[in-house]
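The values are calculated or read from the model by the stated rules, or taken from the named source; none is laboratory data. Just so we're clear, the structure is a prediction, and the values are computed from it rather than from any experiment. Glycine also receives a Cβ, built like all others from the backbone with ideal geometry; neighbour counts cover every protein chain displayed. For accessibility, only protein heavy atoms count, side chains too; no ligands or nucleic acids. Shrake-Rupley method; radii C 1.70, N 1.55, O 1.52, S 1.80 Å.
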Amino acid sequence: MKNGAHKIGDRESTRLINKELSDRWKIPTPEGHSISERFRPEELAAVLRRLKPGKSPVLDSIFPESILRAGSALKSWFCDFLSTCMCQLKIPEIWRRALIVAISKPEKPLRNPKSYRPISLLCVPFKILERLIYARVDPIIDPLLPREQAGFRHGSSTVDQVTLLTQDIEDNFSAKKKAEAVFVDLTATYDTVWHCGLTCKLLRLLPDRHMVHMIMEMVDNRSFTLTTGNGKRNRLRRLKNGVPQGSVLAPLLFNTYISDLPTTVSKKYAYADDLAIMHADGDWQAVERVLTKDMATVGEYVGFPVIGVFNVLNSPKIWTFFNEGCRLSTFSLPKRGSSQ
């Protein structure tokens, strides 16, 4: 996919996804499962308690303090306004825009675009709306996500996955087995999420169709403008794919997007867009056969249109071997089609 357009080979799969979408939109929200009712003042108060002061205003020039220090009448109006956005499935156009601040990396050539780290700034009221929605959808989606995904989830962290992988390797050493792991890195994952595929997966997990409409209304038709240290801004650019960088909902939406990673014989360890798979056996060749098959399974999934916007970096990948002496040895996989 490039900027929303699929390759010819993906069109049949895209047609199937669009058909599933059409069928799922026709399913009504089950009675008693609506989570898109009007926001309550106590919900807004809980979100405002987590709002940090001292942040710069973005394109709408609204400071966090403008809302935090507002009187009860203004907060009541603001809560009603956000509820109206939910009911009518509309948000202010300026909330769709992000200000990207390019911060140069130390000791990097300034003329190289890769020498900058982009920071995405979103409007404060938009992030408040996101937190209100997040509080309603996370308790439904999170229990349905695979256990091996630890990215941006309550009670999970990168340390947990590293510790788990290390412990599994040591346990296999103790059992006189050889362990082998593949570490997969995906590029530009948040920026290349296919909206049609994301909508389909949200409809599979969320019973409230109106809420799915609202989430996609916040994700679709976004744009950004870029600024650097000199204060100048470039022209507005439109986005056809991806979830908003710097967004409260983005990590949850991304976890939803890759929640159907295929089952593999090897054990998976995931943190957002970083994935490791590990298998152990008494024979190196047996381990290699299993991991080769599992990588082919993951590769096929990566090539599917719902997830096909991802590109695996640094092909051929590096496989890392762990043996009883805790020595590490690595080799590059032969390129696809190679006879090696």
Q: Please verify whether the stretch 110-119 includes one or more residues that are in contact with a Leu (Cβ under 9 Å, 6 or more places away or on another chain), open to solvent by less than 60 Å² (accessible area, probe 1.4 Å) and small (Gly, Ala, Ser).
A: no
**Q.** Boolean, residue 107 is acidic (Asp, Glu), out of contact with any helix residue (DSSP H, G or I) (no Cβ under 6 Å at 6 or more places or on another chain), more than 22 Å from residue 187 (Cβ to Cβ) and part of a helix (DSSP H, G or I)
**A.** no
Q. Quick one: is residue 252 more than 18 Å from residue 198 (Cβ to Cβ) and either in contact (Cβ under 8 Å) with a residue 60 or more places away in the chain or outside any helix (DSSP H, G or I) (or both)?
A. no
Q: Return the only residue of 147, 96, 117 being at pLDDT 90 or above and basic (Lys, Arg).
A: 96
Q | Number of the condition not met by residue 287 [criteria: (1) open to solvent by less than 50 Å² (accessible area, probe 1.4 Å); (2) in a loop (DSSP other than H, G, I, E, B); (3) more than 30 Å from residue 94 (Cβ to Cβ)] | A | (2)
Q | Sole exception among (1) under 24 Å from residue 205 (Cα atoms); (2) open to solvent by less than 60 Å² (accessible area, probe 1.4 Å); (3) of a type outside the set (S, T, N, Q); (4) under 23 Å from the mean Cα position of the chain (by Cα) for residue 85, by number | A | (4)
Q) Taking only pairs six or more apart or across chains, which ones have beta-carbon atoms under 9 Å, a first residue in the stretch 102-116 that is farther than 16 Å from residue 227 by Cβ, and a second residue that is open to solvent by 80 Å² or more (accessible area, probe 1.4 Å) and not in a loop (DSSP other than H, G, I, E, B)? A) 105/114; 105/117; 108/114
Q: Return yes when residue 97 is of a type in the set (Lys, Arg) and either farther than 17 Å from residue 123 by Cα or touching a Gly at 6+ places or on another chain (Cβ under 7 Å) (or both) and no when it is not.
A: no
